[in-house]
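To start, the structure under review is shown below, and the notes come after it.
Read the figures in this text as sums done on the coordinates, not as results from a lab. All values derive from a computational prediction rather than experimental measurement. Don't worry about glycine lacking a Cβ; one is built from the backbone with ideal geometry, like all the others, and counts go over all protein chains shown.
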Amino acid sequence: MIYLISFIGAALALLSGYFIPWTTTPIIIGTTYAIAALGVSVMLRAGQVSFGHAMYACISAYTVAFLARAYPGMDALTLIAAGVLVSVLASAVIGVFMVRYRGIFFGMLNLALSMVLFALLGKLYHITGGTDGLRIERPTFLGMELSRGPYEFLLLILTIAIALVLAWWVQRYFRSGNGAALAAIKTNETRLEYLGFSAYAVMWRGYLLSATVVGFSGSLLALIQGLVTPELGLWLRSGEYVFIAILGGAGHAIGAFLGALVFEAVKLTSSAYFPGLWQFILGFTLIIVIFLFPTGFVGQLSKRMKL
Amino acid sequence: MFLNILPLALVDGIAYACLLFLVSMGLTLIFGVMGILNVAHGAFYAFGGYAAASFIMMVAPATESSWIPLVSLFLVAIVVGTILGGLMEIILIRRAQGYDPILKLLLTFGALLMLEDIQRMIWGAQPYSASEVVNRLGNIELGGITYTTYQLVVVPLTALVAYIGLEYFLRHTNLGKQMVAITHHREVATSLGINAGKIGLITFIIGAILGVLGGALASPTTSLVPGAGADMIVLSFAVVATAGLGQITGALVAALMIGIIRSIAVYMAPEFEVAVPYIIMGLVLLVRPHGLFTVAQARTI
């Protein structure tokens, strides 16, 4: 059932991108938000909310930008892979000390690191281009030199494919022993330790996975925008990711996508009809959703059917 | 070089730290009593700044006195804080009592988003400032360097009075003791006859007034732009986390530390100014994972 919904969603996204070209970019950007929220929801599973995960999107996006500028002939796929690799490495190192913290401190320390990164990216003008950011020339795609239309459509296919694979992967992880142990950190960490698991190792692997997933979103976002700015790593961006993850619910991987769909829909309609008020409407939606569905859309869905 | 800028950096840093402390004190008080990390506190700060600046721009031309603008800063803070804090507690916080801490935090994040747009609707995007207050209070010369009276005397004195006042209130008054009882154990306190709902409302209003006061006191020396509230809230998070959650004296020490080191960084290495508070916080949390001043807590299994 859930597979059917996912594939229908993916097909709809592709069809819309194929027949209505202007929707391609918003769909890709929306999907990158969903991917990032998917990464954040991995940590939500452990009851930990990170207000700094946008830094991993930022790290991979800047990696893409640096590489694309240093080696102009580099292929889009290589760039994405390199971006993700760097954010995985970064999270492996940062995770070593980060996963000792719980609750507010976990959130705050992530936030602090992302703020340091944000500040450095904005200030080290000669390396990072400061707040103007760095432009990325359109790279080749599988060796093909493409014009804007086909390039964006291929990127859409790639984004959707990556999103499906990541969702499947994260969902498998949730069902695995490690994933169950991660969820046990939320319910009772002491008992988990008594069962013989190392909460530290479980958290570290979860953190790595979540940063990997967020890394994909950063690489893709950099390629579709053709521009990276420090805003990518601002804490408000991380807040939006958490927002989407909560909106959708952390119970199932599909939550992040439902959340992103609603988030983007609210954002687009409110910026079209009430241009000065989109933040207000977004905040209002968040509050209403929390009061009506504290477990997110997934919580509501799973009451009605088996996910 | 370093010795020359030190007194300047110190005064700057202390004045800045005092504002930071006022905001963080409100944040940590609300967290201690109600278990909510109030992200909307940044919006309180911004509202305070804007309200104070526009009120003073209205009042200042009508009078020559240097005291009326200063006093109106505090009046604005109390009025705005009571309205904002009271409304938010009644509409939002009260209903979220039994929720998961993450959801409570996100509720206040939603409120921050809403308040930021309301602020933009009322005051627009142009910068506001109430420098009139600083000009009228004049300068003080100390060791050959001229400081403004406002930064040297008014701001630190306010923070000190607020700190001593709050400590006295919590330790020696009936209402304050009830508040402390709730921070220790909400259920037991309720069963002993303390009206937790009423205390929650009062706490939230006091916390909001402190946040608004921080903004109001900042308005004469800084120019307010949209986004100022969001910047302030992450900074005061850093202070609160460095100090340890719910530690008022700790917040004072942490705010001074962060404020002074940051203002030294402004003179010595301006590129890193924004990053300094977070670096300090990261280093502190590496050594003391629950902040500088946290006392050991009983483990709940």
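Only helical runs count toward this figure. For chain A, summing -39,500 (n - 2.57) over DSSP H runs of n ≥ 4 and dividing by all residues gives -26000 deg cm²/dmol at 222 nm. Taking a ≥ b ≥ c as the square roots of the Cα gyration tensor eigenvalues, with a/c under 1.5 meaning rounded and otherwise prolate when a/b beats b/c, else oblate, which class fits the range B:161-281? Prolate, because a/c is 1.5 or more and a/b exceeds b/c. In sequence order, the range A:114-121 has phi-based couplings of 5, 5, 4, 4, 4, 5, 5, 4 Hz under the Karplus curve 6.51 cos²θ - 1.76 cosθ + 1.60, θ = phi - 60°, and Gly or Pro positions carry x. The string of couplings for the range A:177-188 from the Karplus curve (6.51, -1.76, 1.60, θ = phi - 60°) is x, 4, x, 5, 5, 5, 5, 5, 4, 5, 6, 7 Hz, one whole number per residue in order, with x for Gly and Pro.
Could you state the angle between the C-alpha long axis of helix B:67-91 and the longest principal axis of the C-alpha atoms of chain B, as a value from 0 to 90 degrees rounded to the nearest 10? Tilt of helix B:67-91: around 30 degrees. When the listed pairs A:Lys303/B:Lys104; A:Lys267/A:Lys303; A:Lys267/B:Lys198; A:Lys267/B:Lys104 are checked against a 31 Å cut-off, the alpha-carbon distance exceeds it for A:Lys267/B:Lys198. Converting phi to 3J(HN,Hα) with the Karplus coefficients 6.51, -1.76 and 1.60 and the offset θ = phi - 60°, the range A:203-214 yields 5, 4, 5, x, 4, 4, 4, 5, 5, 4, 4, 5 Hz in sequence order, with x at every glycine or proline.
Amide H contacts of A:Thr140: A:Ala76, each under 5 Å away and 5 or more positions distant or on a separate chain (H built 1.01 Å from N in the peptide plane; Pro and chain starts excluded).
Charged side chains reduced to their Cβ positions (Lys and Arg at +1, Asp and Glu at -1) give the range B:1-160 a dipole of some 340 debye around its Cα centre. Under 13 Å of direct C-alpha separation, and excluding same-chain neighbours fewer than eight residues apart, A:Lys186 reaches these aspartates and glutamates: B:Asp100. Distances longer than 23 Å among the Cα atoms of the range A:30-125: what percent of all pairs is that? In whole percent, the long-distance tail amounts to 29.
A viscosity of 0.890 mPa s and a temperature of 25 °C, combined with the Kirkwood radius over C-alpha pairs in the Stokes-Einstein formula, give the range B:13-114 a diffusion coefficient of 163 µm²/s.
Normalising the average separation of contacting C-alpha pairs (under 8 angstrom, six or more residues apart) by the number of residues puts the relative contact order of the range A:1-133 at 24 percent.
For B:Ser219, nonlocal amide neighbours, meaning residues 5 or more places apart or on other chains whose placed amide H falls under 5 Å from its own, do not occur. Summarising the label geometry, the points placed 7 Å from Cα in the beta-carbon direction at B:Val180 and A:Met305 lie 5.7 nm from one another. The share of alpha-carbon pairs in the range A:135-272 lying farther apart than 24 Å comes to 44%. Using a cut-off of under 20 Å, list every residue of the range B:57-82 whose amide N is near the label point 7 Å from the Cα of B:Leu157 along the Cα-to-beta-carbon line. Counting only backbone N, you get B:64-78.
With the cut-off at under 16 Å, measuring from each backbone N in the range B:1-33 to a point 7 Å along the Cα-to-Cβ line of B:Met268 picks out B:1-14. Projecting the Cα atoms of B:Tyr278, B:Phe31, B:Val80 onto the dipole axis of chain B, where Lys and Arg carry +1 and Asp and Glu carry -1 at the beta carbon, places B:Phe31 farthest toward the positive end.
Using the Cβ-Cβ distance between B:Ile145 and A:Ser176 with R0 = 45 Å, the FRET efficiency computed as 1/(1 + (r/R0)^6) comes to roughly 0.10. Taking every DSSP helix (H) stretch of at least 4 residues in chain B, weighting each as -39,500 (n - 2.57) and dividing the sum by the residue count yields a mean residue ellipticity at 222 nm of -24000 deg cm²/dmol.
About its Cα centre, the dipole of the protein assembly as shown is roughly 1720 debye, where the only charges are +1 on Lys and Arg Cβ and -1 on Asp and Glu Cβ.
To the nearest 10 degrees, how steep is helix B:196-218 against the longest Cα principal axis of chain B, on a 0 to 90 scale? The angle comes out at about 10 degrees. Among rounded, prolate and oblate, which fits the protein assembly as shown when a ≥ b ≥ c are the square roots of the eigenvalues of its C-alpha gyration tensor, a/c under 1.5 means rounded, and a/b larger than b/c means prolate? Prolate, because a/c is 1.5 or more and a/b exceeds b/c. Along the axis of the charge dipole computed for the range A:73-225 (Cβ charges of +1 for Lys and Arg, -1 for Asp and Glu, origin at the Cα centre), the listed residues A:Val99, A:Gly133, A:Gly73 are led at the positive end by A:Val99. Coordinate range of the alpha-carbon atoms in the range B:1-63 per principal axis, descending: 46, 39, 15 Å.
For B:Ile140, nonlocal amide neighbours, meaning residues 5 or more places apart or on other chains whose placed amide H falls under 5 Å from its own, are B:Tyr147, B:Thr148, B:Thr149. Size check on chain A: the Cα extents along the three principal axes, sorted descending, read 56, 41, 39 Å. In this calculation the C-beta distance from A:Asp132 to B:Val188 is compared with R0 = 60 Å, giving a FRET efficiency of 0.60. The residue list A:Ala180, A:Leu113, A:Gly218 was ranked by how far each Cα lies along the charge dipole of the protein assembly as shown toward its positive end, using unit charges on Cβ atoms, and A:Ala180 comes out on top.
Using the Cβ-Cβ distance between B:Ala62 and A:Ser271 with R0 set to 56 Å, the FRET efficiency from 1/(1 + (r/R0)^6) comes to roughly 0.85.
The mean number of Cβ atoms from other chains found within 10 Å of a Cβ in peptide A:274-280 is 4, as a whole number.
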